[in-house]
1. Going by alpha carbons, how many degrees (0 to 90, nearest 10) lie between the helix axis of 392-405 and the longest principal axis of the chain?
2. Kirkwood Rh, Cα Rg: Rg to Rh for segment 103-179?
3. Given charges of +1 on the Cβ of Lys and Arg and -1 on the Cβ of Asp and Glu, with all other atoms neutral, how large is the dipole of segment 69-140 about its Cα centre, in debye to the nearest 20?
4. With Rg/Rh (Cα atoms, Kirkwood Rh) defined as stated, name the option among (i) 1.08; (ii) 0.98; (iii) 1.01 computed from the structure displayed.
5. Could you pull out every one of the lysines with an alpha carbon less than 19 Å from that of LYS34, ignoring same-chain neighbours closer than 8 positions?
6. So what J values fall out for segment 30-39 if you push phi through Karplus, 6.51 cos²θ - 1.76 cosθ + 1.60 with θ = phi - 60°, rounded to Hz, Gly and Pro as x?
7. What three numbers, in Å, describe the spread of the alpha carbons of segment 386-451 along their principal axes, ordered from the longest?
8. Just need the Rg to Rh number for segment 757-817, please, alpha carbons only, Kirkwood Rh.
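The values are calculated or read from the model by the stated rules, or taken from the named source; none is laboratory data. Treat the numbers as computed from the prediction; the structure is a model and nothing was measured. Every residue, glycine as well, gets a Cβ built from its backbone with ideal geometry; the counts of neighbours run over all protein chains shown. Surface areas here come from the heavy atoms of the whole protein model, side chains and all, with no ligands, DNA or RNA. Shrake-Rupley method; radii C 1.70, N 1.55, O 1.52, S 1.80 Å.
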Amino acid sequence: MRDSYDFKQIERKWQERWLGDNEFAASETGGKPKYYALEMLPYPSGKLHMGHVRNYSLGDAVARYKRMRGFNVIHPIGWDAFGLPAENAAIKHGTHPEKWTLDNIANMKAQCIRLGISYDWNRETTTCLPEYYRWNQWFFLRMFERGLAYRKKGIVNWCNVCQTVLANEQVENGRCWRDESQVENRELEQWYFRITDYAEQLLDDLGQLKSWPEKVQIMQRNWIGRSEGARVHFPVEGRAEPIEIFTTRLDTVYGATFLVLAPEHSRVMEALSSHPAKESALEEVGRYRAQQKMVREGAEADKLGLFTGSYCFNPFTGERIPIWIANFVLMEYGTGAIMAVPAHDERDYEFAGKYGLEIRRVIEPVDGSDAALPFCQYGRLVNSGPYSGMESADALQKMYSFVKEKNLGEASVSYRLKDWGISRQRYWGTPIPIVDCLDCGAVPVPDDQLPVVLPRLESIKLGGSPLATTPEFVDVPCPRCRRPARRETDTMDTFVDSSWYFYRYCDPANDRMPFDAEKVRYWFPVDQYIGGVEHAILHLIYMRFFTKVMRDLGLVSWDEPVSSLFTQGMVTKDGAKMAKSKGNIVDPDQLVDLFGADTIRLFILFAAPPEKDLDWNQSGVEGCFRFLNRIWRLFSRYHPLFLRPSEAVEVRSEEDRKLLRKLHQTLRRVGNDMARFHMNTAIAAIMEFLNSLAEYDDRATEKNGSLLREVFNQTALILSPFAPHFCEEMWERLGHPDRISFQTWPEADPAWLEEEEIEIVVQVNGRVRGRFLVPAGIDEERCRQLALQDQRIQSYLEGKTVRRLVYVPARLLNIVAA
């Protein structure tokens, strides 16, 4: 057997065998508990980056460990294949996005195979293929039937670089989540999913997600943004229709001295109708709209506004108050209109001070003390008519009853979460299955005509929906009346694709339904989902919404799709996120060429706790390579011993005993660490054991073949989730006819976990004066006797009287003497 570890030949050999034998195919078989291991599906950008490698190595370690623990594991992969990057690349390079995407998928699939990831490739799913996106359209139609999919005109987030609309969740700090360009507001007609109908469920069911990171739950809770309050109608002077406001502080209504509309509010034009300088006022409102939402809602933002010239009436006081438009009021909150109470709200106070508007105190501290304005806490009402003297909690309930009794509004719950805008003015996405007919309106495409296939466009240009320029796609008869009509030309947000893909993995070839209910019932919920925390308020909310819709459609019976979520840290280099523009990209292919896939997997799981960011360190990679080579050299040296018939482990010397005890201690540590997702410390324990094996190699005068066979058997088993090719090869050369992937995970023998001897540190007056070995389990009295009888310790006690002895069992004895 060669001493050198030929990783290229070994890894290629096992990849071909695994693939050729369909090694990791899963089926709904009985006899074993199921386990669904899943990493977030990748966008096929062309090449895997180190973040992918970390994500998939984590997931694969879990999948391999669970197989060895006796679970029937499903570990699938697919491709989030629609989206703007493919379309932009097609425009830039003069190729079709389908070719660009499928070529990238082929390349990235080869990389996954080369890394030894144990995917069930039979379940591979590609979202840009009609057999998948047909079911996106099917889900859309089911939602349309139930009023959960609807079209309306409204203010949307527009990215000039992407030339399309973005959902609220896709705008980060006022910038596009893809290209970081500034986002502007535009008024467009769009299709929406009514996710707000599920806002309360999405919030309440976070309580079911016991094994989700707290930070993700907090992010989702804040994004949903539940506020209890009231919707109240403020009559408008000269108009039949009141303006509805939402407030969480109806107890302050007697201090409402003006009303403010968001610049995007539908009543803005009406309010400005009698403005003496209407055109300039509209220009000013346009400037407010153009400001980024993050800027507008920031505490330090300059509060800008204008008086509309219109008035409304406070429904509690009957007082005539002015209507303003201001940049700090957002349509995303409540109704997009607020009653301004400057004495009891910081933003209102700042705005009123700037524009000279009345500030009226209506709440004071319960203890009657004089509080500076703005006083924003609950307290006792003053200057509030019949409610004066009441505390806020009591007043709120009576005021809620008053507005309901007088038909002025009602108690209400408002959410920061808004309906999900799914229309995109781009080509490379799922066509929306609607036909617009002048006589029939928006008509759904019948199920038997699905999929509405995306036509092949040879030329794609920015500016408007590309599908609108394709008459053979657009011009169709109405499905209902057969008169000439037009297809919808927007495509769906690609987050629709990724909201249910993990269900399709359970039944990827089904051409009658999105999936078979029995197959999904067997595999669900997903036991372990692994991905980045950046998806907390995008994909991870949308997928929860889709599952609840599926439940209400009768497709599934549960509320939540994922039991346990793990969010891994980023891979950085020189303290910065890897990016071409920063020149700090690390190419996985080059590293695999130099060191092999197992070395890269081992390093990326060892170098940092998986939930923390990992800063790339080439010397660490080289260290993991040396570690595998050390094992291989020792294995090669002892391999002739393993050619003999297998025999029971026999302990022949003290060195044998020490090594076997260390082996079982390592088995316990690695097993415990794997169960807790502590891959880095599990690998560290194996590395520490290798040092013990090397010491045995140096010290043992006679090498025990039965013991060494046991050592390498167990080492191969516990190392295999991290370095599978290496361990398969070692396992085969140990003479085993079966693959290591489905062997039983080794358990530590309790009889070998305890040390026979332990080291006790002896201190005199707190300073270490000696160490000695004693039998494990020694009692305190015997330990004291041995220490006091030791000649060296006696020399430190000469001329002193022992006052006290402090004993820490199995660790330390401190003698206090004076």
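1. 50 degrees
2. Result: Rg/Rh = 1.10.
3. The calculated dipole for segment 69-140 is roughly 200 debye.
4. (i)
5. LYS66, LYS519
6. Karplus-based 3J(HN,Hα) across segment 30-39 equals x, x, 10, x, 7, 8, 9, 9, 8, 10 Hz.
7. Its Cα atoms span 66, 29, 20 Å along the three principal axes.
8. For segment 757-817, the value is 0.93.
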